[in-house]
Structure formats: structure tokens, C-alpha cells
1. Relative contact order, percent, of region 1-124 when contacts are C-alpha pairs under 8 Å separated by at least 6 residues?
2. Between GLU212 and ARG238, how many nm apart are label points set 7 Å from Cα along the C-beta direction?
3. Using a 10 Å cut-off on Cβ atoms, rank the peptides 122-129, 101-108 from the highest mean neighbour count down.
4. Dipole of the chain, Cα-centred, from +1 at each Lys and Arg C-beta and -1 at each Asp and Glu C-beta, to the nearest 20 debye?
5. Looking at the calculated P(r) for region 220-275, what percent of the C-alpha pair distances fall above 13 Å?
6. What pairs from LYS23/LYS49; LYS19/LYS305; LYS93/LYS160; LYS19/LYS246; LYS45/LYS95; LYS258/LYS305 go past 19 Å between their alpha carbons?
7. DSSP H helices in the chain with Cα extent of 27 Å or more along the helix axis and mean Kyte-Doolittle hydropathy at least -1.0?
8. Under the definition of Cα pairs under 8 Å and six or more residues apart, what whole-number percent is the relative contact order of region 229-311?
Amino acid sequence: MISGAFLILYLGELPPYFKYWAKSCEPNHTYFHWYVYNDRIAEKKDYNKAVTLIPYSFEMLRSDLNSSLHIHLPQHNTRVVCDCRIMLYAFRKIKDQLEQYDFIGYSDLDVIYGDITRFLPENPDRYSLISAADKRPCGPFTLFNRKYLQVILEDGRVKKKLEENFDQVVDTIPGYQNTDSIFKPMSGNSTKDKIAEHLKFTHLDESGILVEIAEAYAPAFCKASPLQPTMGRWFNHRKAFAVWDKGHLYVRDVWGHKKEGAVFHFSRFKNRSRFNITSDALEADHLGIYKYGIINARTLLTRLKIFLTLLY
């Protein structure tokens with residue numbers, strides 16, 4: 001089985017669901033590790049067997065991009081930091097010993113993981129890129145074959161795409177809603193998605209350019225199913241919930257479809273005031289992740305109640 005590292009760049013206070021995210025990472029520690037680069041961390045430390053926290057700031061990112069890849073990130077445009085997650089490999093591979101892994105990729109904190117290895121394609125090393133989205137990279141789950149990653153990052157089209165995004169002064173656009181963090185990405189809710197569509201704006205981490213470049217070296221595996229079944233065919237991803245069961249992840253939609261997968265992305269839930277986390281959830285063997293928060297989902301009655309929330 002391959003080994004992999006996910007690079008996560010999150011600037012600002014770590015979200016309240018971080019500890020639950022980290023809990024779902026830990027059962028995967030035999031094959032995968034997560035590196036979280038954050039400007040509120042004082043020193044590099046292991047959070048658990050699968051997660052390492054690393055001090056890193058926006059100014060460090062600007063400096064590293066400029067010195068290593070000759071890419072200038074304007075000081076005002078902080079909403080494109082998610083474009084830069086995979087670029088961390090270029091200037092952190094020695095410091096963080098990233099060359100020990102077969103695959104390097106990126107993910108988000110607003111996800112819960114299942115048993116990742118069970119849902120990777122057969123013979124994963126034959127692919128240049130593995131994504132949990134159809135026909136494109138996936139922000140919550142993308143892995144690059146390390147054999148090709150450095151040349152992919154050095155491709156002129158990557159630099160061009162980054163510079164195009166950096167030049168978009170998105171905070172000055174009428175109708176753009178300033179949220180609680182200046183590091184929130186350009187896309188992610190209906191208002192921002194409409195603006196992004198108007199501008200024909202796509203973050204690098206979900207741009208087909210990466211697939212186009214990667215496929216010059218080996219085939220790319222870009223399929224939501226089986227890695228992210230909620231985004232697969234026939235699944236109602238807007239009316240769905242997940243149950244994390246001792247390291248296994250099961251998702252279910254309003255039509256009764258039930259599938260096991262590797263990742264559940266709850267981005268559309270997390271910023272709602274109704275999204276709460278019960279105090280007994282962290283120590284639970286079963287977690288329910290749904291529109292009202294994260295709860296202990298040990299009993300069948302609790303899971304039934306979660307399912308009923310899909311009906312309204």
C-alpha cells in the first residue's frame with residue numbers, strides 16, 4: 001500500500017471541529033499523515049499519531065513563494081491561500097521530510113475521514129493524481145504521485161494560474177460578503193460561488209489545469225466514487241449526513257442511499273449558527289455529522305433522528 005501526506009494551510013484560529021477532524025485522521029496513521037500549517041501555533045508538535053502542527057504565517061508563504069518559485073503573492077489578497085497548499089511541498093519537503101511519502105496532496109479541516117486505503121484505486125502508483133471529484137482535482141481530497149509532483153509544480157501553467165488568481169482583488173467586488181476570517185477562500189457559499197462564476201474564477205486546487213499537466217506523465221484518477229460517495233452519481237449531496245463508526249465512514253442521503261467512503265465534506269454545515277458539537281462526542285466511538293452539528297451517534301434512535309432532519 002502507498003503512503004501519503006496531506007498538506008493543510010489554515011491561517012487563523014483552528015476551528016472548533018478541529019479535534020473531531022483529527023480524531024478521524026488517527027486510524028489512518030499507518031499509511032497517511034497530515035501536516036497542518038498554521039499561524040497560531042507556537043512550535044512544531046505532534047497533535048496525535050496522524051497529525052503534526054507546524055508554525056507558518058502568511059508572510060512566510062509570501063516569502064517562500066517568491067524565493068523558491070519566483071511567484072509574487074500580493075499582501076492584500078489573502079483569500080487565495082488555499083491555492084498554495086500543494087506549493088508547500090516545493091519549499092517544505094526537506095524541513096518536514098515529505099520525501100518519505102509516495103503521494104503528497106491536500107485536504108480541508110471541514111471533513112471527516114473513513115478508512116482511506118480501502119477506497120483508493122487499484123494499483124494507485126500507476127496514477128499521477130488521485131482526486132475525490134469527477135474530472136477535476138478535489139479541494140477536500142487530492143493526492144499527487146510524488147514522482148511527478150516537482151515537475152508539475154514547475155510547469156509554467158501553474159505559475160500563470162496562480163498569478164491570475166493573485167491579481168483578482170476579490171474583496172473589492174460589489175456584493176462580496178466579508179466573513180469572519182480574511183483567509184476564507186473565494187468560493188464556498190452561494191454568494192461567493194456566483195461571484196466566482198461571474199469572474200470565471202477557479203482556485204488552483206480545483207482547476208482542471210492540474211489534471212491536464214499531470215496526465216502528461218501518467219493517467220489521472222478523478223472520480224468521486226468510491227472516495228467521496230456523496231458527490232457520486234444518484235446521491236443527493238445536499239441532503240445527506242455521515243456516521244463515523246470506529247474509523248469507518250458511512251454516508252446516507254434523503255432517498256435512503258447508504259454507502260461507505262473515505263471522506264465526508266461538511267462545508268455547507270459548518271458556518272451555520274445551528275451547527276453545534278455536543279460535549280460527549282469527542283470520546284465517542286460513533287459520531288454523527290449532520291446539519292445541526294457533530295453528536296454522539298451510538299444508538300439507532302439517534303441515527304434515526306438524524307435521518308429525519310433530512311426531511312425538512
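1. Once normalised by length, the contact order is 35 percent.
2. 3.0 nm
3. Highest-to-lowest ranking by the protection proxy: 101-108, 122-129.
4. So the magnitude is around 920 debye.
5. Details: 904 of 1540 pairs.
Result: 59 percent of Cα pairs exceed 13 Å.
6. LYS19/LYS305; LYS93/LYS160, as the Cα separations exceed 19 Å there.
7. none
8. Relative contact order, region 229-311: 26 percent.
No value in this document is a laboratory result; all are computed from the given coordinates. The structure displayed is predicted, hence computed values, not measured ones. Here the Cβ is made from the backbone with ideal geometry for all residues, glycine too, and neighbour counts use every protein chain on show.
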